[in-house]
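Participant: To start, I am sharing the structure in question, which I have written as structure tokens.
No lab work stands behind these numbers, since they all come straight from the coordinates. Fair warning: this is a prediction, and the values are worked out from it, not measured in the lab. Cβ: placed from backbone, ideal geometry, glycine included. Neighbour counts: every protein chain shown.
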């Protein structure tokens, strides 16, 4: 049984590694001939807009899924006329455009930041008036890892961005005061069965995720339930199948939805070792219509992203229950090239292990030394 | 960094899956063009005796290891003139020949069955006289999964085997009365660092491993220490690097060494989910000279071998914390085509999960219903 995956980066790589034990074969489509999955699976190099290539790609596949949410919706729909495509293309459509995403949250009664769409420079002042300052101006599409975002704190910032106005559809969101950033990984099977991983605390630097702690420190039942309720609403609304990630701000004990990704997610990498079933295996189980795996999470995990550089493997592996994941990508600044997961029985032991990490990690870029962001729960 | 692996069966397959996250590449050598690793790694199809192919194979490799202990020692030595080969060819030599193996155990003061070598039919009577009945006549080489073994209980059995005498070097061993079969997986790194997994209880049918329980039920500290002492002696004597498996009979609370395998082992498959570091990852860490990973084993695991047939995947995956491993081999009677691992917090819960397994498994072939073999510990 061969699964087609759109996108051949590290998420696809880890999907394949999780899927081989289930007896699955994989075929990847990626515009880059350097996509790291080429080493371990069949890789087709083609643009997502090349419909002839897409039709050839789907031939013989059981189903198609994606590891990259900026696959053109048109490509997903084109494939869906031949084989099942999960998550449904509607989920792609909602997640690719911040305005659609916000409107979906609003429609489902999910707390989110207030927002206004900004289609041209002339609309910015009205939007600022509506939303107030501070605010964040974002491109509606293709933003990731903090790219395509401008924080506007003062009217001077507004004037500055107007001078060099981005040539793209935009959205202005109010800048919420939050205590920390959390995310939830949710899974829904084709039969409607759902499972949820515990909320994770995420720390970013320069817009890029650097450190996740799972479960989030001081996670209480009501916060977890609030996260699951939000996820459940979206999963159901989109008749979803697969893993869905939702990022939140925690504001005075309440969750404010920021954005979602209709795919496995960087803040779920800890689940490879930290949970009974990884997000990657559960995504495959879900899209195949198999029973979902247990998301039981004994102990606590920390996931540290390796961006553009890798540590001495031996120094990482010397730490008990430390796990190294390299994606086989060439090292370039700003590029996610691997991650490290540390596991421990409880948060106290985990903090001890974080302090045991070699000098390579003991830097502000890694959000170390770790200060729990959580103040009031 | 590319690792060469001799043998391209399921053990190699699982080594590669464990090694990819460490950033390793793999090249396999196997005489069969059907070897399942071909799907996920570079595979060279050649005989182990083809020295030209061997020399070509090692070119550019970091080191060579094996997943199959009947690789000709000559092939291992030939490669060792070009790149490091771990475990050392001496370990292959000791493990390939039951007589060498027994002599090694004897030399190291390790309790084992009494034995006599039988080079021709005419030597059998003297050997029977020395060892007594019941006894087991075994081929010295190439025996596996119970093949090449004849149980001799009476003089009639002796007469029968003499009539159709095997054309091979043989060894006669006394048939020990044992309470159960156990095994230990031990790892030694290139720097001499060692780690041990807990003793595992193994159940065979028709000479093939069907069920392992890890840790072995009612495992006490002194039995575990006895197993580790035996393993430590062998590891040190052979200046070993990699995973070594040793099979024991438990006789009235004492361990009697039966045989060893200088490689990852079927009775260690549970470690993929059941231990902090799998036997596969630890083998790679060991041969690379990396720090060994933690062998901490929270809870209890059961591993069931799939021989020649596979169950409905959905029925297995519906059980919480059940993990399916298919090797991508075509189904043939007697062939190991996959395994299932069940995890639980304790033995009682594990027994409950074994009873939840679908009808496919509830058969004598799977050693179910499970009766702990252990009577006196």
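Participant: Relative contact order for chain B: what is it in percent, counting Cα pairs under 8 Å that are at least 6 residues apart?
Facilitator: On the way: 802 pairs, mean separation 52.6, N = 377.
Contact order relative to length: 14 percent.
Participant: Say we join alpha carbon atoms closer than 10 Å with springs in a Gaussian network model of chain A; which of A:167, A:305, A:202 then has the biggest fluctuation?
Facilitator: Largest GNM mean-square fluctuation: A:167.
Participant: A further question on this structure: Given contacts defined as C-alpha pairs under 8 Å and at least six residues apart, what's the relative contact order of region B:98-200, whole-number percent? Walk me through the numbers on the way to the answer.
Facilitator: Working: 134 pairs, mean separation 29.1, N = 103.
The normalised contact order for region B:98-200 reaches 28 percent.
Participant: If you don't mind, there's one more thing I want to ask. Enter the mean projected area of the convex hull around the alpha-carbon atoms of chain B, in nm², rounded to one decimal. Before the final figure, lay out the partial values.
Facilitator: Working: hull surface 73.0 nm².
Mean projected area for chain B: 18.3 nm², to one decimal.
Participant: Right, here's the next one. Expressed as cubic angstrom per residue, what is the convex hull volume of the alpha carbon set of region B:114-174? Please report the intermediate quantities before stating the final value.
Facilitator: Details: hull volume 4.4 nm³, N = 61.
Cα convex hull per residue, to the nearest whole number: 72 Å³.
Participant: Taking only C-alpha pairs under 8 Å that are 6+ residues apart, what is the relative contact order of region A:114-174 in percent?
Facilitator: Reported relative contact order: 51 percent.
Participant: Right, another one. Suppose we look only past 19 Å in the calculated P(r) of region B:1-104. What percent of the Cα-Cα pairs does that tail hold?
Facilitator: Here the long-distance tail beyond 19 Å is 39 percent of all Cα pairs in region B:1-104.
Participant: Per-residue mean of other chain beta-carbon atoms within 10 angstrom of the beta-carbon, peptide A:335-342? Mind showing how you got there, number by number?
Facilitator: Details: counts 0, 0, 1, 3, 1, 0, 1, 0.
Mean shielding by partner chains, rounded to a whole number: 1.
Participant: Please grab the % of Cα pairs in region B:143-215 that end up more than 16 Å from each other. Working shown, then result.
Facilitator: On the way: 1778 of 2628 pairs.
Result for the distance tail: 68 percent.
Participant: So the label point sits 7 Å from Cα along the Cα-to-Cβ vector; using that for residue B:298, what distances do you get to the other copies, in nanometres, sorted shortest first?
Facilitator: 0.5
Participant: Against the globular-protein guess of 2.2 N^0.38 Å, express the Cα radius of gyration of region A:143-275 as a ratio, rounded to two decimals.
Facilitator: Numbers: Rg = 16.5 Å, N = 133, 2.2 N^0.38 = 14.1 Å.
Compactness ratio reported: 1.17.
Participant: Still on this structure, I have one more. If you put a point 7 Å past Cα along the Cβ direction, how far is that point for residue B:177 from the same point in each other copy, in nm, smallest first?
Facilitator: Nearest to farthest, the other copies are at 8.1 nm.
Participant: Then there's this: Just to check, using Stokes-Einstein with a Kirkwood Rh over alpha carbon pairs, what's the diffusion coefficient of region B:76-205 at 10 °C and 1.306 mPa s in µm²/s?
Facilitator: Approximately 94 µm²/s, per Stokes-Einstein.
Participant: Same structure, new question: Between copies, how far apart are the residue A:50 label points? List them in nm, one decimal, shortest first, with each point 7 Å from Cα toward Cβ, please?
Facilitator: 3.4
Participant: Separate question: Taking the Cα atoms of region A:239-321, what is the range of coordinates along each of the three principal axes, in descending order and whole Å?
Facilitator: 45, 37, 28
Participant: Provide a whole-number value for the mean count of partner chain Cβ atoms within 10 Å of the Cβ atoms in peptide A:27-40.
Facilitator: On the way: counts 0, 0, 0, 0, 0, 0, 0, 0, 0, 1, 0, 0, 6, 8.
Averaged over the peptide's residues, the number is 1.
Participant: While we're on this one: How big, in percent, is the set of alpha carbon pairs in region B:180-366 lying more than 19 Å apart? Walk me through the numbers before you get to the answer.
Facilitator: Details: 10033 of 17391 pairs.
The share of Cα pairs beyond 19 Å in region B:180-366 comes to 58 percent.
Participant: Here is a further query. Could you work out [θ]222 nm for chain B from helices alone, using -39500 (n - 2.57) per DSSP H run of at least four and dividing by all its residues? Round to the nearest 500 deg cm²/dmol.
Facilitator: Details: 12 runs with 107 residues, N = 377.
Calculated from helices alone, the mean residue ellipticity at 222 nm is -8000 deg cm²/dmol.
Participant: Using packing as a proxy for protection, rank B:235-242, B:247-254 so that the peptide with the highest average count of other Cβ atoms within 10 Å comes first. Write down the numbers at each step before the final one.
Facilitator: Details: B:235-242: 20.5, B:247-254: 17.8.
So the peptides B:235-242, B:247-254, ranked by packing, come out B:235-242, B:247-254.
Participant: What residue among B:245, B:302, B:168 shows peak mean-square fluctuation when chain B is described by a Gaussian network model with Cα springs under 10 Å?
Facilitator: B:168
Participant: Cut-off is 10 Å between beta-carbons; in what order do B:304, B:137 appear when sorted fewest neighbours first? Could you put the intermediate results ahead of the total?
Facilitator: Working: B:304 28, B:137 23.
Going from least to most buried by this count: B:137, B:304.
Participant: Okay, next question. Just checking the output field for A:16-25: average partner chain Cβ neighbours within 10 Å of each residue's Cβ?
Facilitator: Values: counts 3, 6, 1, 0, 12, 13, 7, 10, 2, 3.
Average neighbour count from other chains, rounded to a whole number: 6.
Participant: Over all directions, what mean area does the Cα convex hull of region B:64-116 project, stated in square nanometres?
Facilitator: Working: hull surface 16.6 nm².
Projected area, direction-averaged: 4.2 nm².
Participant: Right, something else. What span do the alpha-carbon atoms of the protein assembly as shown cover on each of the three principal axes, reported in whole Å from largest to smallest?
Facilitator: That gives 104, 51, 50 Å along the principal axes, largest extent first.
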